[in-house]
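*Asks:* I'd like to ask you about the structure that follows.
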Amino acid sequence: MNRLVVAAFIVFAPVAATAKGPIGIGDMKIGMSRAQVEALPSDAPVHLTEPMSPYVYKNRKPTPGEDVFDTKLLTPWSDSPLKAVLTFSGGTLASVSVTLDDSANMANEIRGQIAAKYGAPRVQDDMKEEQCVYRNGANFKVKSGVVTYLWTEPSTDHAPIETSVLQASFESCPSNLRYGSSGPLRLNALSIGYEKPKEPDKTNPF
């Protein structure tokens with residue numbers, strides 16, 4: 001059997017044949033209680049490696065009814081624990097967000113594992129090119145933006161569970177070619193959780 005398929009079978013929680021996306025990572029499933037998440041054994045493929053601590057809000061405000069925690073997860077993708085944010089709503093796990101290695105390798109591996117079991121994702125590509133032109137004739141392009149790969153598991157008794165692998169890259173034209181480019185700033189993340197309702201469009205007063 002293909003190693004990629006085997007890995008996907010082990011890592012992602014099993015679902016019905018008609019499923020369109022994961023419902024968790026390993027034995028950590030959306031809908032579990034906090035006690036169940038904390039009780040995952042240390043020999044499980046995915047488990048907490050440190051106690052959960054209250055999430056420190058920096059770029060967003062708390063959502064009423066949600067309890068958000070910082071922690072670290074041991075996963076099959078890295079020998080070192082990965083930073084994670086767990087959100088509980090109504091006492092049950094509503095979402096898991098994992099910060100991945102900033103290289104493309106880990107994110108590509110995870111995308112391949114999910115696709116091997118659940119099929120091709122929907123892709124939202126917001127990458128944009130910037131032309132860098134200099135007086136000495138140098139001319140090249142840099143890319144910045146976010147590409148998001150999405151899978152959705154429908155449900156009849158709760159909101160759909162959406163899985164996203166986000167791969168972001170941000171780079172600007174160097175101000176001085178003497179120092180060259182420092183290379184793009186990269187950010188990769190895996191998120192699995194209940195799909196949140198879309199915010200209504202703002203009223204256009206014109």
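*Asks:* Tally time: how many residues in the range 160-186 are part of a loop (DSSP other than H, G, I, E, B), closer than 30 Å to Thr92 by Cα and among the hydrophobic types (A, V, I, L, M, F, W, C)?
*Replies:* Here the count works out to 0.
*Asks:* What's the total number of residues in the range 33-56 that are surrounded by 14 or more Cβ atoms within 10 Å (Cβ to Cβ) and assigned to a strand (DSSP E or B)?
*Replies:* 2
*Asks:* Residue check: is Tyr149 surrounded by fewer than 18 Cβ atoms within 10 Å (Cβ to Cβ) and touching a helix residue (DSSP H, G or I) at 6+ places or on another chain (Cβ under 8 Å)? Quick ask: steps written out before the conclusion?
*Replies:* Details: surrounded by fewer than 18 Cβ atoms within 10 Å (Cβ to Cβ): no; touching a helix residue (DSSP H, G or I) at 6+ places or on another chain (Cβ under 8 Å): yes.
For Tyr149, the condition - surrounded by fewer than 18 Cβ atoms within 10 Å (Cβ to Cβ) and touching a helix residue (DSSP H, G or I) at 6+ places or on another chain (Cβ under 8 Å) - is not met.
*Asks:* Something else about it: Residues of the range 109-145 being surrounded by fewer than 15 Cβ atoms within 10 Å (Cβ to Cβ), free of Cβ contacts under 8 Å to residues at least 40 places away in the same chain and under 16 Å from Ser164 (Cβ atoms), which ones?
*Replies:* Answer for the range 109-145, where residues must be surrounded by fewer than 15 Cβ atoms within 10 Å (Cβ to Cβ), free of Cβ contacts under 8 Å to residues at least 40 places away in the same chain and under 16 Å from Ser164 (Cβ atoms): Ala120, Arg122, Val123, Gln124, Asp125, Asp126, Gly145.
*Asks:* A follow-up question, please. Which one of these does Asn59 not meet: (1) in contact (Cβ under 8 Å) with a residue 12 or more places away in the chain; (2) within 30 Å of Pro174 (Cβ to Cβ); (3) surrounded by fewer than 14 Cβ atoms within 10 Å (Cβ to Cβ); (4) of a type outside the set (D, E, K, R)?
*Replies:* Status for Asn59: all satisfied but (1).
*Asks:* Looking at the range 77-108, which of its residues are touching a residue at least 60 places away in the same chain (Cβ under 8 Å) and in contact with a Gly (Cβ under 8 Å, 6 or more places away or on another chain)?
*Replies:* Thr87, Ser89, Thr92, Leu93, Ala94, Ser95, Val96, Ser97
*Asks:* Has the range 156-168 got at least one residue that is among the polar types (S, T, N, Q), touching a residue at least 40 places away in the same chain (Cβ under 8 Å), surrounded by 13 or more Cβ atoms within 10 Å (Cβ to Cβ) and over 20 Å from Arg111 (Cα atoms)?
*Replies:* In the first step, residues of the range 156-168 are kept if they are among the polar types (S, T, N, Q); the result is 156, 163-164, 167.
When the remaining residues are screened for being touching a residue at least 40 places away in the same chain (Cβ under 8 Å), the result is 163, 167.
With the extra rule that they be surrounded by 13 or more Cβ atoms within 10 Å (Cβ to Cβ), the set shrinks to 163, 167.
Next cut, over 20 Å from Arg111 (Cα atoms) only: none.
Scanning the range 156-168 turns up no residue that is among the polar types (S, T, N, Q), touching a residue at least 40 places away in the same chain (Cβ under 8 Å), surrounded by 13 or more Cβ atoms within 10 Å (Cβ to Cβ) and over 20 Å from Arg111 (Cα atoms).
*Asks:* Of the residues Ser95, Ser89, Ser103, which is under 27 Å from Pro54 (Cβ atoms) and either surrounded by fewer than 17 Cβ atoms within 10 Å (Cβ to Cβ) or acidic (Asp, Glu) (or both)?
*Replies:* Ser89
*Asks:* So, one more: May I ask you to say which residue of Ser169, Ser191, Ser103, Ser144 is out of contact with any Lys or Arg (no Cβ under 8 Å at 6 or more places or on another chain) and hydroxyl-bearing (Ser, Thr, Tyr)? Quick ask: steps written out before the conclusion?
*Replies:* Details: Ser169 fails: out of contact with any Lys or Arg (no Cβ under 8 Å at 6 or more places or on another chain); Ser103 fails: out of contact with any Lys or Arg (no Cβ under 8 Å at 6 or more places or on another chain); Ser144 fails: out of contact with any Lys or Arg (no Cβ under 8 Å at 6 or more places or on another chain).
Exactly one of Ser169, Ser191, Ser103, Ser144 is out of contact with any Lys or Arg (no Cβ under 8 Å at 6 or more places or on another chain) and hydroxyl-bearing (Ser, Thr, Tyr), namely Ser191.
*Asks:* Run down Asp201, Asp157 and say which single residue is more than 21 Å from Glu66 (Cβ to Cβ) and assigned to a loop (DSSP other than H, G, I, E, B).
*Replies:* Of Asp201, Asp157, the one residue that is more than 21 Å from Glu66 (Cβ to Cβ) and assigned to a loop (DSSP other than H, G, I, E, B) is Asp201.
*Asks:* Restricting attention to the range 62-110, report how many residues are touching a strand residue (DSSP E or B) at 6+ places or on another chain (Cβ under 8 Å), in a strand (DSSP E or B) and more than 20 Å from Ser169 (Cβ to Cβ).
*Replies:* Result for the range 62-110: 22.
*Asks:* Kindly list the number of the only condition in (1) under 28 Å from Thr156 (Cα atoms); (2) at pLDDT 85 or above; (3) of a type outside the set (Asp, Glu) that fails for Leu48.
*Replies:* Unmet for Leu48, out of (1) under 28 Å from Thr156 (Cα atoms); (2) at pLDDT 85 or above; (3) of a type outside the set (Asp, Glu): (1).
The values are calculated or read from the model by the stated rules, or taken from the named source; none is laboratory data. Note that the structure is a prediction, hence the values are computed from the model and not measured. Note that we place each Cβ from the backbone using ideal geometry, even for glycine, and neighbour counts take in every protein chain shown.
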